[in-house]
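Working notes, beginning with the structure itself.
The values are calculated or read from the model by the stated rules, or taken from the named source; none is laboratory data. If you're wondering where the values come from, they're calculated on a predicted model, not measured in any experiment. Every residue, glycine among them, receives a Cβ derived from its backbone with ideal geometry; neighbour counts consider all protein chains shown.
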Protein chains: 2
Amino acid sequence: MKKNLGAGAVAFPTPVYIVGTYGKDGEANAMNVAWGGLCSSEPPCVMIALRKGRYTYDNIKERRAFTVNIPSAQYAKEADFFGLISGKKTRKFDAVNLTVKKSETVDAPIIDDFPFVLECRYVKEMEIGEHIMVVGEILNMAVEENCLTSKNTPEINKIDPLIFDPAESTYHKVGNEVEKAFSAGLAYLQK
Amino acid sequence: MKKNLGAGAVAFPTPVYIVGTYGKDGEANAMNVAWGGLCSSEPPCVMIALRKGRYTYDNIKERRAFTVNIPSAQYAKEADFFGLISGKKTRKFDAVNLTVKKSETVDAPIIDDFPFVLECRYVKEMEIGEHIMVVGEILNMAVEENCLTSKNTPEINKIDPLIFDPAESTYHKVGNEVEKAFSAGLAYLQK
């Protein structure tokens, strides 16, 4: 039996995207974004939804670029910090012990300690209520060499990404593999 | 040291949204959607990205409604099956042993065996390459009573949702909690 909870924004899993941009002063900033996801295969694109007036939004429009840095679970404290305060008021990288580099691909910073980063150019946007969905084309994916599979793809359990739970405001790890995709359902196809 | 992999659509975590719609013939259909995510808080909205020409897209435009059903890990085979074939060709619910009901809120079907469902009305859309991002307003969240927290919110570990890994095409479970959000980063804020 299901209970109706009414309107609300909860879904599982929800990502922990740490969005990197440069401000007008040239300083690197990072913001914790949970509303977002991949949104296109060709060209490969990712959507991040930002509240209007966010520092990161202005930075993206100015530089036409951003990065999506995927923190490993060991950086949960740093990831959370990036969501607690605006880059308008604080140089966030002064507070944390992380190394920031300029992306070689787009005009945005990379958090080098995080194992996986998407380097994106601004493509388009659409307004939804208080949020603006910003779409970036993923021009490059950069992965720590010790977090690659033998096929040179990012290995999820080595990257050890965070999952956000918007219902209880907690961060979780990714758990065990349960099935192979495009395979587990074949039994039903043959019926 | 990071290795550049070039353009590509991989991010972690990626969801397993089973999107429920009614076809023109009135039959319930379900599609496995991995490109998507929450995209607005007020009003609460979710984005799903569908390739052009998908049966589900036509159904949504016709009925102005869809559901996002979150499967628990025990339904990985059924979830995968819903991504293997088009509802244009197959009545997918004839092949699986799942109970489908009409939503009381929107003109779309609910998979009753799945513990968590978002009932959505079509709001707007935007094209990106081969995909169309469809935004739905979440008018109701329905959760199995035994998957609720004491505060009547969906409990992530009881719901036991699937995570899709687009790099290796596998499904994973959600793992252990590592930190509290809006809390773990406070130490850096006080510096």
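If you check B:Lys180, B:Lys173 for being at the interface with chain A (Cβ under 7 Å from one of its Cβ atoms), free of Cβ contacts under 8 Å to residues at least 24 places away in the same chain and basic (Lys, Arg), only one passes: B:Lys180. For A:Glu155, the stated conditions do not hold, so it cannot be described as out of contact with any Pro (no Cβ under 9 Å at 6 or more places or on another chain) and surrounded by fewer than 19 Cβ atoms within 10 Å (Cβ to Cβ).
Would you please name the residue that is surrounded by the most Cβ atoms within 10 Å (Cβ to Cβ), looking only at residues in the stretch B:64-74 that are over 14 Å from B:Ile110 (Cβ atoms) and of a type outside the set (A, V, I, L, M)? The selected residue is B:Ser72. Evaluating A:Gly53 against the criteria (1) closer than 30 Å to B:Asn140 by Cβ; (2) at pLDDT 95 or above leaves one unmet condition, (2). Quick check on B:Asn140: is it out of contact with any strand residue (DSSP E or B) (no Cβ under 7 Å at 6 or more places or on another chain) and within 11 Å of chain A (Cβ to nearest Cβ)? In short, no. Within the stretch A:85-94, is even one residue under 22 Å from A:Lys173 (Cα atoms) and either in contact with a helix residue (DSSP H, G or I) (Cβ under 6 Å, 6 or more places away or on another chain) or not charged (D, E, K, R) (or both)? Checking the stretch A:85-94: not a single residue is under 22 Å from A:Lys173 (Cα atoms) and either in contact with a helix residue (DSSP H, G or I) (Cβ under 6 Å, 6 or more places away or on another chain) or not charged (D, E, K, R) (or both).
Within the stretch A:76-99, the set of residues being surrounded by 17 or more Cβ atoms within 10 Å (Cβ to Cβ), at the interface with chain B (Cβ under 10 Å from one of its Cβ atoms) and in a helix (DSSP H, G or I) comprises A:Ala76, A:Lys77, A:Glu78, A:Ala79, A:Asp80, A:Phe81, A:Lys92. Per the conditions (1) in contact with a helix residue (DSSP H, G or I) (Cβ under 6 Å, 6 or more places away or on another chain); (2) under 22 Å from A:Phe116 (Cβ atoms), the sole criterion not satisfied by B:Thr170 is (1).
I'm checking my understanding of the structure. Among residues of the stretch B:1-35 that are within 10 Å of the chain's Cα centre (by Cα) and free of Cβ contacts under 8 Å to residues at least 60 places away in the same chain, which one is surrounded by the most Cβ atoms within 10 Å (Cβ to Cβ)? Checked the stretch B:1-35; the qualifying residue surrounded by the most Cβ atoms within 10 Å (Cβ to Cβ) is B:Tyr17. Counting the residues of the stretch A:37-57 that are out of contact with any Ser or Thr (no Cβ under 9 Å at 6 or more places or on another chain), at the interface with chain B (Cβ under 7 Å from one of its Cβ atoms) and touching a residue at least 12 places away in the same chain (Cβ under 8 Å) gives 5. Exactly one residue out of B:Glu104, B:Glu168, B:Glu130, B:Glu145 is over 25 Å from A:Leu38 (Cβ atoms), at the interface with chain A (Cβ under 7 Å from one of its Cβ atoms) and among the acidic types (Asp, Glu): that is B:Glu145. Once the stretch B:148-161 is narrowed to residues that are facing chain A (nearest Cβ under 7 Å) and of a type outside the set (S, T, N, Q), the residue that is nearest to B:Glu42 (Cα to Cα) is B:Pro154. In the set (1) more than 19 Å from B:Val174 (Cα to Cα); (2) touching a Ser or Thr at 6+ places or on another chain (Cβ under 7 Å), the condition left unmet by B:Pro115 is number (1).
The residue that is farthest from the other protein chains (Cβ to nearest Cβ), counting only those in the stretch B:1-29 that are among the polar types (S, T, N, Q) and touching a Lys or Arg at 6+ places or on another chain (Cβ under 7 Å), is B:Thr21.
If you go through the stretch B:70-102 and keep only what is under 14 Å from B:Asn29 (Cβ atoms), under 16 Å from the mean Cα position of the chain (by Cα) and not hydrophobic (A, V, I, L, M, F, W, C), you end up with B:Glu78, B:Gly83. Against the conditions (1) free of Cβ contacts under 8 Å to residues at least 12 places away in the same chain; (2) within 16 Å of the chain's Cα centre (by Cα), A:Ala142 satisfies every one except (1).
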